[in-house]
Amino acid sequence: LMAEIERRFGRQLPMAAIFQGATVELFAHLLRDGYQPEQGPHLIELRGGDAGAPVFFAHPAGSEVVCYMPFARLLTPGRPLYAIAPPPLTPQRTLPFATFAERAAAYADLVEQAQPDGPCTVVGWCYGGANAYGIAQELLRRGRDVDLIMIDTHAPVYVPPEEEPGRAPIVEALALNLRWDHTDDQRSIAELEQMTEEEHLDYLLDLARKGDYLPPDAGREQMQEILDLWVANLRLLWRHRPEPLGRRFTMIRAQDGDPDLFAGWQQFADAGVDVHFVEGNHYTMMREPRVTAVAELIDELLRTPETNGRN
């Protein structure tokens, strides 16, 4: 919808408009009056409320927070929900942060602006879990009371620049995210390594169209933007060396996942980690009908914070 509006009117509207009760009237108002996209990291209010401590969802590697939309209706009403969104890429196609820790501090600032004191919970799926870990660590360093819930987040692995993955495995990973549970038309690494950069974009664009991630008339430019953002996010994490959290945290894992991808979290769980399983794989667990089980589990954790590290 947003891509079609941008194509028709030549203006980019905030994704927050969808979360704020999207109507024709609202979009017409934004188009008439104009809108300047946020230049720095910003919060999107998924749902307002004053019943309970707020929950902050950290964006995954693709930087979009649409994956958290179901929680606005599935979690118990009344609790305020926010999503933490990143700034746009710089003209050099990088993020405006020197390190992962610097970005985590900027995201923690957003949390404190919305919740100056009192407890809160930070949640993240996939790469968003690593973001949530960094935010929680920074908030704890500042003396804040914060709980951490990661959803199927693979353990981070330090990757020096000279060992950075090539384009083919990055394209393969992005292709999986674009198609979620549809893998029948995935190209192998061997095939991807024989393709040109333009062919990579066409391949990803085809998957994005089939999966309704981009509209049928989307072009290479839009796909390149997604790929650049994906790589920029990954590079920040590859250069990051996390420290133990110093507090118990929770990991919600997909039943069909590879346990080896999570083993590395043990070195950061000096205070312990509570692991819960839900049916599905890394992608289907965040879509109906299985995302309902994820939301029910988060609701339970929010009702009993002592099981998530809070004394």
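Expressed as a whole percentage, what fraction of the accessible surface of the range 56-210 belongs to carbon and sulfur atoms when a 1.4 Å probe is rolled over the protein heavy atoms?
Within the range 56-210, the accessible surface is 51 percent carbon and sulfur.
Which whole-angstrom value gives the distance between the alpha carbon centres of the range 91-154 and the range 196-255?
19
Per residue, how much accessible area does the range 59-190 show when a 1.4 Å probe rolls over the protein heavy atoms, in square angstrom?
38
Taking Rg/Rh (Cα atoms, Kirkwood Rh) straight from the coordinates, which label in [x] 1.11; [y] 1.02; [z] 0.95 is the correct one?
It is the value labelled [z].
With every protein chain kept in place and ligands, DNA and RNA left out, what is the accessible area per residue of the range 197-311? Probe 1.4 Å, answer in Å².
Value for the range 197-311: 51 Å² per residue.
For E197 and D185 in one chain, what is 0.36 nm times their gap in residues minus the Cα-Cα distance, to one decimal in nm?
Length difference between fully extended and current span is 2.5 nm.
What is the sum of charges around R103, taking Lys and Arg as +1, Asp and Glu as -1, for the other residues whose C-beta is under 13 Å from the C-beta of R103?
Spelling it out: positives minus negatives among the neighbours equals -1.
Ignoring any ligand, DNA or RNA, what whole percent of the accessible area of the range 251-294 comes from carbon and sulfur when the probe is 1.4 angstrom?
Of all accessible area on the range 251-294, carbon and sulfur atoms account for 48 percent.
Please name which of H200, V157, A173 has its Cα lying farthest along the dipole of the range 151-208 towards the positive end, using unit charges on Cβ (Lys, Arg +1; Asp, Glu -1) and the Cα centre as origin.
V157
Count charges around P70 for me, please; just the other residues with Cβ under 13 Å from its Cβ, Lys/Arg as +1, Asp/Glu as -1.
Around P70, the surrounding residues sum to +1.
Restricting to the chain, what percent of DSSP beta bridges are antiparallel, rounded to 5?
DSSP beta bridges in the chain are roughly 20 percent antiparallel.
When the helix-only estimate is applied to the chain (DSSP H runs of n ≥ 4, each -39,500 (n - 2.57), divided by the residue count), what is the mean residue ellipticity at 222 nm, nearest 500 deg cm²/dmol?
The helix-only estimate for the chain comes to -11500 deg cm²/dmol at 222 nm.
The values are calculated or read from the model by the stated rules, or taken from the named source; none is laboratory data. Quick caveat: nothing in here was measured; it's all calculated off a predicted structure. All Cβ positions, glycine included, derive from the backbone under ideal geometry; neighbour counts span all protein chains shown. Heavy atoms of the whole protein, side chains included, go into the accessibility calculation; ligands, DNA and RNA do not. Shrake-Rupley method; radii C 1.70, N 1.55, O 1.52, S 1.80 Å.
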